[in-house]
Each structure stands twice: as structure tokens, then as C-alpha cells.
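Each remark here refers to the structure printed beneath this line.
The values are calculated or read from the model by the stated rules, or taken from the named source; none is laboratory data. Quick caveat, the model's predicted, so the values are computed rather than measured. Here the Cβ positions follow ideal geometry from the backbone for every residue, glycine too, while neighbour counts run over all protein chains shown. When the accessible area is computed, the model is the full protein with side chains, heavy atoms only, and any ligands, DNA or RNA have been set aside. Shrake-Rupley method; radii C 1.70, N 1.55, O 1.52, S 1.80 Å.
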Amino acid sequence: MAGNKRMFRILLLGVVALGLAAPSWAAKFEISRIYIEYNSSANDLGFHVFLDGEDWKTLKIVNPAGVTILDLTGKGPYAQLGLTELFFEGAEPNLDDFPLAQLLALFPEGQYRFSGLTVGGTRISSSAVLSHAVPDGPAVSSEVNDDSIVIRWEAVTDHPEGFPEQKIQIVAYQVLVDPFQVTLPGSSREVTLPPEFVESLKAGAHPFEVLAIDASGNQTITEGSFVTD
């Protein structure tokens, strides 16, 4: 009986020791994206990141070559409470000043790894694939008839001239007339602005954007405008 008790205590100590030595279970970022946004009207291009995860206080992004390209640490209240969503836009140099080939070389295609630590000491990680498949800018137009405003665009099936020759598959179009915004299926070719929104517009020129969004997540903007009385 005494031997059984000693054996139980040894097993119990072993379990406790293993529990103390074992690292926290890893968690996953619910969303992790790195993608290209090209503005065909302004001819500028940038690399953007969006992450969503629970209560993380550190973040590291490593490119396909194993190079750390971002290293963040929350301080003060952010170290105590943590962060959840994070979205940032990289600078968007004009391609007339910063050659496309050099810009793409800074962010090679492939898998980017995201890793960090939560405020509770749990490791959190995920990965996302960056592609250089950039869609062409949609050709846009608008029609204003009294209180009805329709924005139209042509289907995008190819990449811009001079960009890497990769297959383009448009999965969605997004229309923005600040502050109105709507995302539509890739089969869509027009949107009629809500009458309540049209009524709120002052007379004059109003800029809008139409984004073509590729299956890779990369997106291209074309700018346009319409005039109301």
C-alpha cells in the first residue's frame, strides 16, 4: 500500500513538472492578409497588411526568405490589455519614381509568417501568401439622371501593362463614394447609389473609386467623378 502511495506521488510530481515545463498552447490569428493595392489612376502601389486575433502584445512578420520585416511590441496599457485588429498601409510610391521591378523585389511572392505572444503568454501565429498577380484598373463611367446616379465599370480580365504576367480572376468589385461603400460580386458591372445618399450630396463634383479585387486579394483602384446640381 505504501509503495502504491509513493508511486502515485511520483506520478503526480511528474505530471506537475511536465505542466510547468510545457509551453502554452498556440493560438491562431483569425485573419491574416498581406496584399498589393495598385492605383491605376495615380500609378502608385503599396503593400498592405490586415490581422485579427485576440489580445496579442507582440507581433513579428517574416518574409519567405526568413527576413523579419516588421517587429512590434505593445507597451504600457497595450502590453497589459493587448491588441486585436491591426490594419496598416505601406507607403505607396509612384511607379514613375520607383520602378515596379524594384518595388516587387522588396516583397517577394510566397508565404509570410505572422507570430506573436498574447497577454496571457500564449503563442499566436498564422501565415498568408503574397502574390504578384495584380488586376488591371476597371474602366469606369457614371450617369446622373435627376436623383438617380449609376456608376458602371467594365469587366477586368487581365493585368496592367508592364506587370507580371499572371492569371487574373476577379472575385469582387468595391465601389466607394465617401462615406458610402459597397462590395459586389465579380459578375457585377454597375451600382445605383441609394436615393437617401444621393439626397445628402451637395451640388458639385464628387469623386468615386471602383476597385477590382483579385482572388489573390490584390486590388486595383480606378478613380472617377460625377457632378450633381
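Averaged over its residues, the chain has an accessible area of 57 Å² per residue, based on protein heavy atoms and a 1.4 Å probe.
Could you name the aspartates and glutamates whose alpha carbon sits less than 20 Å from that of LYS202, not counting residues in the same chain fewer than 8 places away? LYS202 reaches GLU143, ASP146, ASP147, ASP178, GLU223, ASP229. The charge dipole of the chain, taken about its Cα centre with unit charges on the Cβ of Lys, Arg, Asp and Glu (plus for the first two, minus for the last two), comes to roughly 2500 debye. Peptides 26-36, 155-165 ordered by packing proxy, namely the average of other Cβ atoms within 10 Å per residue, highest first: 26-36, 155-165.
A dipole drawn for the chain from +1 and -1 charges on Cβ atoms has a positive end, and of ALA105, ASN145, GLY121 the residue lying farthest that way is GLY121. Ranking PRO194, PRO164, GLY204 by how far each Cα lies toward the positive end of the dipole of segment 142-229 (charges on Cβ) leaves PRO164 at the top.
With Cα atoms defining each centre, segment 181-195 and segment 59-108 are spaced 31 Å apart in the structure. Peptides 188-194, 68-74, 110-116 ranked from most to least packed, by the mean per-residue count of other Cβ atoms within 10 Å: 110-116, 188-194, 68-74. Tally Lys and Arg at +1 and Asp and Glu at -1 over the other residues with C-beta under 13 Å from the C-beta of PRO195: what net charge comes out? Neighbourhood net charge equals -4. Over all directions, the projected convex hull of the C-alpha atoms in segment 87-229 averages 11.7 nm² in area. The alpha-carbon positions of segment 21-89 define a convex hull whose volume is 135 Å³ per residue. Computed in the context of the full set of protein chains, the accessible area of the chain at 1.4 Å probe radius has 54% of its extent on carbon or sulfur. Size descriptors for segment 104-184, from the alpha-carbon set: Rg then Dmax equal 19.2, 60 Å. Computed over segment 84-186, relative contact order equals 16 percent, with contacts defined as Cα pairs under 8 Å that lie 6+ residues apart. Each Lys or Arg adds one and each Asp or Glu subtracts one; over the other residues with Cβ under 15 Å from the Cβ of VAL119, this totals +1.
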